[in-house]
Structure formats: structure tokens, C-alpha cells
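Asker: I have a structure I would like to understand better, so I am pasting it below and will then ask my questions one at a time.
The values are calculated or read from the model by the stated rules, or taken from the named source; none is laboratory data. All figures in this text were calculated on a predicted structure; none of them were measured in a lab. Here the Cβ positions follow ideal geometry from the backbone for every residue, glycine too, while neighbour counts run over all protein chains shown.
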Amino acid sequence: MAFTKTYAFNPRGSKAEIEKGLDFQPKFDADGLIPAIVTDARTGEVLMFAFMNAEALALSIETGIVHFWSRSRGALWKKGAESGNVFNILEMRTDCDQDVVWLRVTVEGDGQACHTGRRSCFYRLVAVNGGAAVGAHLVMAPDADEPG
């Protein structure tokens, strides 16, 4: 019989405990996931957005290396395991409700965060100038790099 480790965090407390206390009490959604925003620790650039389940969050805290839950694959995913672009955590924060985490990281390898070979997954702009939302177009961000 295989051993399965259970990843448990502090139970959710009162609103005051969650907002003002110093116990980490992450709130996972109905699918058992918590959003994770990842930024470059040096520049502040947003690199990517993904989800973590309890195991991914616990492994990220324990190892200092970012892990995610891949919704498309339905599997745990160590960022950079295949590409070599490992995210090393310099700082992890949570928001006032403890329902999102923000990871400030350094990127090993060639520094690419996106599976397209770009530094950031956020390389296109959505025009926001009072036009219609339906049929909106994308343009390349002026600071977007070329895929590596």
C-alpha cells in the first residue's frame, strides 16, 4: 500500500484572525486551488499566473522552489522540471483574505517563464479604449521579448 502524505494548513479562523493574525490560513476554492501570482524579484515584472493545490503550496514552502497544480494535466507540476527554468522563491506573500499568494522569484536557466519561450506570459496588450469588448484585438506589448 502506497503512503500518501496529507498537506494540511492552519484552519481558517475569524475574519480578524485571517486579516490581522500571523497564522497562514490559506483559502482554497471549491476545486482545492489557490491562485498564485509570480513576479521577478529583481524587476517586479509579472511573469505568470497559475494555481496551486495544497500539495503544490506545501512543497513550494518546504523546498523554496515553485510548484503548481496543472489544471489541464490534472497533475502536480514543478516549474522548470522540463525546461530548466526553475523558479526559486525569494519571498511569498498572501493577501488580506489569504485567498491568493504572490511569489517573488528568481528564474534559473535561460530566464524564460512562459512555455512560448518568452520571459513573461503577459506579452500582449488588450486594447482598452472604450471599444467593444466583443471582437477586441490584441497587440504585442512594446516590451515583449521574442520567443527564445
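Asker: Kindly indicate which of Arg42, Arg118, Arg93, Arg73 is among the basic types (Lys, Arg) and under 22 Å from Ile18 (Cβ atoms).
Answerer: Arg93
Asker: So is Ser120 modelled with pLDDT of 95 or more, touching a strand residue (DSSP E or B) at 6+ places or on another chain (Cβ under 9 Å), among the polar types (S, T, N, Q) and closer than 18 Å to Phe24 by Cα or not?
Answerer: no
Asker: Among the residues of region 1-53, how many are surrounded by 13 or more Cβ atoms within 10 Å (Cβ to Cβ), part of a loop (DSSP other than H, G, I, E, B) and free of Cβ contacts under 8 Å to residues at least 12 places away in the same chain?
Answerer: Going through region 1-53 one residue at a time, the tally reaches 1.
Asker: May I pose another question? With respect to the numbered conditions (1) over 26 Å from Asp143 (Cα atoms); (2) in contact with a Ser or Thr (Cβ under 8 Å, 6 or more places away or on another chain); (3) at pLDDT 95 or above, which one is the sole condition not fulfilled by Trp77?
Answerer: The single condition Trp77 does not satisfy is (3).
Asker: If you don't mind, another one. Output the qualifying pairs, or none if there are none: Cβ atoms under 6 angstrom, residues six or more apart or on different chains, first residue in region 60-78 and under 16 Å from Arg93 (Cα atoms), second residue in a strand (DSSP E or B) and among the basic types (Lys, Arg).
Answerer: Taking only residues 6 or more apart or on different chains, the pairs are His67/Lys78.
Asker: Any residue in region 118-130 that is in contact (Cβ under 8 Å) with a residue 60 or more places away in the chain sitting within a Cβ distance under 7 Å of a residue that is surrounded by fewer than 17 Cβ atoms within 10 Å (Cβ to Cβ) and outside any loop (DSSP other than H, G, I, E, B)? List the pairs, counting only those 6 or more apart or interchain.
Answerer: Cβ pairs passing all conditions: Ser120/Val46; Phe122/Val46.
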